[in-house]
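Okay, structure first, notes after.
Every read-out reported here was derived from the displayed coordinates using simple, explicitly stated rules and does not represent laboratory data. Predicted model, so just to flag it, every value in this text is computed and none were measured. As a convention, Cβ positions derive from the backbone with ideal geometry for all residues, glycine included, and neighbour counts pool all protein chains shown.
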């Protein structure tokens, strides 16, 4: 998805995320934009401390999703992706 300027939507989103990254770095987290689907959902991989942080959903919805929706009319939402099974966070460790 490219604009007349030749800069893709993904590249423009990446630039906005780059400005937001210092906020994530404070707590040892990061995110990676994987792609934007045809429905306007930005699929974002959570990295570092964001993977199992108890407030990562809040960060994603009130931080990243809000930021992207305010800056890009094409974005309708955000899908957070992690490499862990979320149920593993609730299993008792012996």
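General observations
- Listed from fewest to most Cβ neighbours within 10 Å, the set 73, 8, 56 follows the order 73, 8, 56.
- Radius of gyration and maximum dimension Dmax of the stretch 9-83, Cα, Å: 11.3, 33
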